[in-house]
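The block underneath contains the structure these notes are about, expressed in structure tokens.
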Amino acid sequence: MGQSSHDQKVGTYFDQAAATFDTFYDAKRSGFMQWVDRQFRSDVFNRYYLTFEALEPLAGKTVLDIGCGSGPYVAEAARRGAARVVGLDMAEGMLELARRRVAAKGVAERCAFVQGGFPQAAPAETFDYSITMGVMDYVADPQAFLTALAKTVRGCSVLSFPSHHWFREPVRQVRYWLKRCPVYFYEPAGLERMAKEAGFARAKIVKMPGAGMDYFVTLYK
Ligand SMILES: C[S@@+](CC[C@H](N)C(=O)[O-])C[C@H]1O[C@@H](n2cnc3c(N)ncnc32)[C@H](O)[C@@H]1O
């Protein structure tokens, strides 16, 4: 699959899924769905808390959120005092929700959005920190992604990577195949190797607790 047709598939899927995905945040789902999310999608919440634990203090810093989706991390980074936060996403439907979110939170003047896929649409400026949560699942060339990331970020980068799992991996592959969206999985030795080759000095890799299928990875320059 060529890069542009690959990105088109991912972008189309997330454009269609934007409104549903956004309901994960701010307790917008029904009571039953919130219970389902707590049982089976706790990674989504764990990585949010781990991100801000890793990046504080954010005051005065610049942040790039790659695959920002509907903008929960962009809004929170700005609320915590970041000087400038850029959200980049290939799905325009997600960016529309993100613009609304930062406006509603009163932080829009310190936020900007770019539509496109990373690394092709990497901004020319550099940032103190980057956030890439729930995105590497859909990246066909993670080595090119990390190499571009190392050039774009001066400080540390936090990312989530889905792990291989005997049951969840094939189930997810079938679900996403039906949705025509490609999905990828990782293991720690491969992550270490790619991070080193990309130019990062150190990688901290933590398997997340709970539903625990993701690695929470912090990369240091
Ligand atoms: C599961 S959502 C996660 C959104 C957000 N980071 C969060 O955790 O709430 C994945 C998002 O990544 C975007 N995406 C996937 N691959 C991307 C890439 N290479 N560059 C930019 N955005 C990408 C999708 O369009 C989608 O909005």
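FYI, it's all coordinate maths here, none of it is from the lab. Keep in mind that this is a model prediction, so the values were computed, not measured. Glycine gets a Cβ as well: all are built from the backbone with ideal geometry, and neighbour counts include every protein chain shown.
Remarks
- Estimated purely from DSSP H runs of n ≥ 4, each contributing -39500 (n - 2.57), the mean residue ellipticity at 222 nm for the chain is -14000 deg cm²/dmol once divided by its residues.
- Partner aspartates and glutamates for Lys105 [C-alpha distance under 14 Å; skip if fewer than 8 residues away on the same chain]: Asp26, Glu76
- Beta bridges by DSSP in the chain, antiparallel share as percent, to the nearest 5: 40 percent
- Of the cross-linked pairs Lys61/Lys151; Lys9/Lys207; Lys61/Lys221, those separated by over 19 Å at the C-alpha level are Lys9/Lys207.
- Residues Arg99, Arg202 arranged by fewest to most Cβ contacts within 10 Å: Arg202, Arg99
- Relative contact order of the chain, defined on C-alpha pairs under 8 angstrom at six or more residues apart (%): 20 percent
- Sorted by Cβ neighbour density within 10 Å, fewest at the top, the residues Lys204, Lys9: Lys204, Lys9
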